[in-house]
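**Q** The structure that follows is given in the form of structure tokens.
A short reminder: the numbers here are calculations on the coordinates, not readings from a lab. What you see is a predicted model; the values in this text were computed from it and never measured. Every residue, glycine as well, gets a Cβ built from its backbone with ideal geometry; the counts of neighbours run over all protein chains shown.
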């Protein structure tokens, strides 16, 4: 089980949202670049960065400049998502040195564009974010409900050639309620995809329990708020995940 620390950016600052609500935000101290360097020095093998301003289609945000600085400052691969809605958006981010991009809204609204991206860049650099509330996929910064269920979307993107999805149960995200292990495992098993779990991790026990989903295809987990609120360290999480 790989532990992937997260940096969510809002106006160039590290933040966390509760259940994806832009009005329910906690801002954390610390320069995002220094936070990224700290995660790398603690043993992170990947870093997950989200542009929340991009996800909410807000303009004139410094987040892309911050992303570029993060990529330049650390020697581990960066996975990035948020507001990538067209071929040009993806190309610009990959040119910054991002190792893998995460499509959410685009995968739902433009399957043909997703296929083009897979042809251009390969499945190692293109992943899909499946963000669901009560089983239904949410798009546009988690503010619009799509007419497709999470497992159906997982099967659809798998048939297009996607190999990895990041699955988030929005009701668990940012509230430290524990991950939705059952739904995450079901999605992995039904789709045959590699799945990164996201949302809800609060305790080291959550990571221990999530390891039960490894046989289903869940091989990694994104952790954010628990690190910022010092519930445990990245080093402690890695030890639990590897034991």
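**Q** Tell me whether the stretch 1-129 comes out rounded, prolate or oblate; compute the Cα gyration tensor, take square roots of the eigenvalues as a ≥ b ≥ c, and use a/c under 1.5 as the rounded threshold.
**A** Verdict is oblate for the stretch 1-129.
**Q** Quickly work out the residue 160-to-residue 41 label distance, labels modelled 7 Å from Cα along the C-beta direction, and quote it in nm with one decimal.
**A** 4.0
**Q** Give me the extension gain from residue 29 to residue 95: residue separation times 0.36 nm, minus the current Cα-Cα distance, reported in nm with one decimal.
**A** Length difference between fully extended and current span is 20.9 nm.
**Q** Oh, and also: Where does the chain land at 222 nm, in deg cm²/dmol rounded to the nearest 500, when only DSSP H runs of n ≥ 4 count, each adding -39500 (n - 2.57), divided by all residues?
**A** -10500 deg cm²/dmol
**Q** What is the calculated FRET efficiency for residue 148 to residue 125, with r their C-beta to C-beta distance and R₀ = 25 Å, to the nearest 0.05?
**A** 0.55
**Q** Sticking with this structure for a sec: Using the alpha carbons of the stretch 105-243, what is the convex hull volume per residue in cubic angstrom, as a whole number?
**A** It comes to 106 Å³ per residue, whole-number rounded.
**Q** Another one. Taking the number of other C-beta atoms within 10 Å as the exposure measure, put 92, 230, 27, 16 in order starting with the fewest.
**A** By the 10 Å Cβ count, ascending: 230, 27, 92, 16.
**Q** Further question on the same structure: For the chain, max minus min Cα coordinate along each principal axis, in Å, sorted largest first?
**A** That works out to 41, 41, 33 Å along the principal axes.
**Q** Moving on to the next point. Just to be sure I understand the model, the point goes 7 Å from the Cα along the line to the Cβ. What's the resulting residue 229 to residue 86 distance in nm?
**A** Inter-label distance under the simple model: 3.9 nm.
**Q** With each pseudo-label sitting 7 Å past Cα toward Cβ, what's the residue 177-residue 205 distance in nm, one decimal?
**A** It is 1.8 nm.
**Q** Using packing as a proxy for protection, rank 95-104, 207-216 so that the peptide with the highest average count of other Cβ atoms within 10 Å comes first.
**A** 95-104, 207-216
**Q** Sorted by average packing, counted as other Cβ atoms within 10 angstrom per residue and highest first, what order do 231-237, 189-195 take?
**A** So the order, starting with the most tightly packed, is 189-195, 231-237.
**Q** Take the alpha carbon atoms of the stretch 163-187, find their center, do the same for the stretch 212-243, and report the distance between the two centers in whole angstrom.
**A** Cα centres, the stretch 163-187 to the stretch 212-243: 13 Å.
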